[in-house]
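A.B. asks: One structure follows; several queries about it will come next.
Every read-out reported here was derived from the displayed coordinates using simple, explicitly stated rules and does not represent laboratory data. In this text, all values refer to a predicted model and were calculated from it rather than measured experimentally. Here the Cβ positions follow ideal geometry from the backbone for every residue, glycine too, while neighbour counts run over all protein chains shown.
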């Protein structure tokens, strides 16, 4: 199994055990997510940057019960991916230029592709232009 497949498999496995407190952990660590988002933007990964921001916004709306028309599997996958994103002990340290964020990008790209319909539905609900994100 390739490293990318291991990362995705790990996130999918962890997403099955996600709880509301895990969502709260991601939302409470928003500064870390934002700092890493900025790094993605700096590295010219604009669509991914926008998708991570969209994912955080969707989790906030879900947690506040403003947007609940979303499968728990999607919430679990997003939460697991974001926990992985903020984890400083992932497979490739993020302080290594490009390579550390490559691992995060691979994970997000795969997760976002698998839940793209749900993310697009959220965009439509918010009145956002889906071309910005996809």
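A.B. asks: Taking the beta-carbon count within 10 Å as an exposure proxy, list 20, 106 from fewest neighbours to most.
C.D. replies: Working: 20 11, 106 16.
Ascending Cβ contact count within 10 Å gives the list 20, 106.
A.B. asks: Another one. If I stretch the segment between residue 60 and residue 128 completely, what's the gain in nm (0.36 nm per residue apart, minus their alpha carbon distance), one decimal?
C.D. replies: Numbers: separation 68, 0.36 × 68 = 24.48 nm, distance 1.62 nm.
Fully extending the segment from residue 60 to residue 128 adds 22.9 nm.
A.B. asks: Arranged from highest to lowest average of other beta-carbon atoms within 10 Å per residue, in what order do the peptides 60-66, 70-76 appear? Walk me through the intermediate numbers first.
C.D. replies: On the way: 60-66: 13.9, 70-76: 17.0.
Ranking the peptides 60-66, 70-76 by packing returns 70-76, 60-66.
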